[in-house]
Amino acid sequence: MSSFRRLLPSATSLVVFEAAGRHENFTRAAEELGMSQAAVSYAERGLEEQLGAPLFHRVNRAVELTDVGERFHADVSAGLARIQKSAEDIRAKGREVNVTLAASTAFASMWMLPRLPRLRQDLPEVDLRIQTSVRELDLEEESIPLAVRGGGDPVDWPRYHTALLAPEVINAVASPAFVEAHGMPRTPADLARHRLIWLEEPVRKACDWPEWFASAGVSYTSQSKGLVINDYVLVIQAVLAGEGIALGWQHLTGRQTRSGALVPVGGHVLETGQAFYIVWPRSRELNAHAARVRDWLLAEGQRDREASAS
């Protein structure tokens with residue numbers, strides 16, 4: 001960089017040269033830059049002396065780029081355009097108060113929505129936008145700063161930074177009315193005799209009843225799945241309506257369990273070894289507002305883990 005400073009008198013000389021070369025007229029360049037025509041001419045002569053080559057042919061009051069000047073002007077124009085674009089992006093990110101979070105419908109409805117009042121209180125300057133999708137969105141392609149992803153190993157997402165939000169912990173849940181009507185299932189084997197509600201995810205892979213029973217050492221086979229739903233929010237609504245027992249992902253159902261709206265049944269908890277993470281692209285910096293939302297989400301996740309452990 002020190003050799004660059006010796007080679008060129010100043011960055012201003014490049015800006016003046018770009019305008020003068022684009023207009024091929026010192027007067028119009030001066031008007032655009034708010035300078036005098038004499039100042040533009042002086043700056044161009046200084047740049048030519050510094051480089052040791054003529055950049056303009058001067059014919060009476062007209063100027064045109066020399067061959068060397070044309071090549072140099074193309075490089076200077078491209079470089080300044082990239083710098084301008086980068087500066088505009090940085091400025092826009094600094095002013096942006098809208099922060100988009102990509103997540104599943106279940107996370108948005110069951111984890112995020114109950115916390116929105118606290119988010120508004122803690123981050124009143126942030127306008128959070130939640131974008132749900134059945135597929136995992138490409139954050140770089142969609143220009144989305146943050147997302148919630150579930151998986152076994154963050155190394156599976158080499159393009160993203162990751163931070164733990166919640167471990168994947170699954171138990172069976174029912175409504176108090178269902179337990180009152182049908183009795184409390186105290187073991188996994190007891191559950192097999194009750195009406196089970198199944199989640200069939202259309203895209204994302206999710207733990208199912210046979211996998212959960214197997215983790216408890218129970219072989220489970222069913223001639224009929226009974227009630228099958230492809231949306232987890234509707235699964236839990238069916239449980240609350242007393243339609244049966246479903247698998248409960250604790251980071252989503254923990255609030256309802258602690259309030260008594262849902263009752264853990266079956267006496268078994270599956271810790272899958274997988275987890276849910278906040279992810280954000282490595283290819284660009286989070287702006288200040290997105291970084292604050294990320295940190296807020298992680299603090300909420302820590303609060304949840306502490307509440308579950310107490």
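The values are calculated or read from the model by the stated rules, or taken from the named source; none is laboratory data. Computed from a predicted structure; not experimentally measured. Every residue, glycine as well, gets a Cβ built from its backbone with ideal geometry; the counts of neighbours run over all protein chains shown. The accessibility values were calculated without ligands, DNA or RNA, using every heavy atom of the protein model including side chains. Shrake-Rupley method; radii C 1.70, N 1.55, O 1.52, S 1.80 Å.
Values for this structure:
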item: Lys/Arg +1, Asp/Glu -1 at C-beta; the chain dipole; positive extreme among Ser215, Ser175, Ala81; result: Ser175
item: Simple spin-label estimate for Ser215 and Thr132 in nanometres, 7 Å along Cα-Cβ; result: 2.4
item: Cα convex hull of the range 115-231 - mean projected area over all directions, nm²; result: 10.8
item: Per residue solvent-accessible surface (Å²) - the range 143-211, probe of 1.4 Å; result: 48
item: Percent carbon-and-sulfur accessible area, the chain, ignoring ligands, DNA and RNA, probe 1.4 Å; result: 51
item: Centre separation in Å (Cα based) which lies between the range 211-255 and the range 27-74; result: 75
item: Gain upon complete extension [Ala309, Asn98; 0.36 nm per residue less C-alpha separation]; result: 72.6 nm
item: Value in Å of the Kirkwood radius, where the range 249-307 supplies the Cα pairs that are averaged; result: 14.0
item: Distant alpha-carbon pairs in the chain (separation over 23 angstrom), percent; result: 67
item: Value of [θ]222 nm, deg cm²/dmol, for the chain, DSSP H segments ≥ 4, -39500 (n - 2.57) each, nearest 500; result: -13500 deg cm²/dmol
item: Peptides 99-108, 69-78 ordered by average Cβ neighbours within 10 Å, highest first; result: 99-108, 69-78
item: Rounded accessible area of Glu125 (nearest 10 Å², 1.4 Å probe); result: 60
item: Gain on full stretching of the segment that runs from Ser77 to Ser224 - 0.36 nm per residue minus C-alpha separation; result: 46.0 nm
item: Distance (nanometres) between label positions extended 7 Å along Cα→Cβ at Leu164 and Glu64; result: 7.0
item: Ile130 long-range amide H proximity, modeled H, under 5 Å; result: Leu101
item: Protection-proxy order for peptides 12-23, 144-155, each taking the mean of Cβ atoms within 10 Å per residue, highest first; result: 12-23, 144-155
